[in-house]
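Chemist: Here's a structure for you.
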Amino acid sequence: MSEHLNHYRPSVFHARRERVRRQEFYGHRAEVTPVSSPGETSARRAYEMLRTLLRSGELTTRDALAEDSLAVTLGASRNAVRKALQQLADEGLLIRQTKSGTRLVHEMIHVDGGQVVPRGMALGADRGRLCIEQTRTERVILSPVVRKRLETEARIGVLSESRFHVDDAPISLRVGYVAGDPDLVQKALRAFGTVNPPPYEEAFRQLYGAPFGSSHSTIEAIRCEARTAAILGVDEGAPILLNEVLVRDVDGVARELSYTYYRSDRVAISSMSSSLPHAV
């Protein structure tokens, strides 16, 4: 028996040494924990997965959200699903009623990072759902901060303010600053119809006389101030998303700096990065 044990001792020793070496390499001594079973998925994880289904459109306003079927879909317990659904209801995304069950109040609107118009809203079957209401277009003195970001010495520019509606409900307020000839910029802005706007790249070319090049966006969560809250139809102090976007044409010239305020209960902002070349 002792000879049999001694036969395995070197391999056990080497396995332990390799485990210690790996722990030291990663800078900590990690403890191995057992893998959770599907039924042990937490309410937080169930909430994350439900959000994924809502953003992807796999759950719609036509679907009845039954706890039993969702528990199977999410690999979670009914208790975890119930807590996740209640959190979404508290956020205003779901309505829960004793007789009619749980349903989605409205779909999530997708906006690609650096873009303004919701994905697909100016084309195809969604044409007509989006309405853009121009609430302000006026000459303004550009602040040093705006001039620096637009890389311009011009002191006078144009401020344009627009409210975006989808299915007659407000989803965002956009404030843009443009340097250049104020008369030409204002004329171009007023030329756009408020319903069925053109695709963003086409609108960009019409406005600036050059093809769209690139955009850089910075997104943060903020509390909504009183005027914006009234425009968006949310409570003052409600959490919303602020997206600052600097847009350049194909030659790298900075053309516009915008600040868009999105209702966080209606809009999801998407981005994609890849090391693979884009297909032509």
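Chemist: Can we say Met49 is modelled with pLDDT of 85 or more, buried (at least 17 other Cβ atoms within 10 Å of the Cβ) and under 25 Å from Leu242 (Cα atoms)?
Modeler: yes
Chemist: If you scan segment 158-181, which residues turn out to be assigned to a loop (DSSP other than H, G, I, E, B) and surrounded by fewer than 16 Cβ atoms within 10 Å (Cβ to Cβ)?
Modeler: Across segment 158-181, the qualifying residues are Asp167, Asp168, Asp181.
Chemist: On the given criteria, is Arg155 surrounded by fewer than 17 Cβ atoms within 10 Å (Cβ to Cβ), farther than 30 Å from Arg62 by Cβ, modelled with pLDDT of 85 or more and touching a Gly at 6+ places or on another chain (Cβ under 8 Å)?
Modeler: no
Chemist: Leu70 versus (1) under 25 Å from the mean Cα position of the chain (by Cα); (2) more than 19 Å from Thr98 (Cα to Cα); (3) free of Cβ contacts under 8 Å to residues at least 40 places away in the same chain: which is the lone unmet condition?
Modeler: So Leu70 meets the others, but not (2).
Chemist: For segment 102-139, which positions are among the polar types (S, T, N, Q) and at pLDDT below 80?
Modeler: Our first condition is that a residue be among the polar types (S, T, N, Q); within segment 102-139, this holds for 102, 115, 134-135, 137.
Answer for segment 102-139, where residues must be among the polar types (S, T, N, Q) and at pLDDT below 80: just Gln115.
Chemist: If Lys99 satisfies every condition in (1) in contact with a strand residue (DSSP E or B) (Cβ under 6 Å, 6 or more places away or on another chain); (2) farther than 21 Å from Arg55 by Cα; (3) at pLDDT below 80 but one, which is the exception?
Modeler: (1)
The values are calculated or read from the model by the stated rules, or taken from the named source; none is laboratory data. Small disclaimer: the values here were computed from a predicted structure and weren't measured. In this analysis, Cβ positions are derived from the backbone assuming ideal geometry, glycine residues included, and neighbour counts consider all displayed protein chains.
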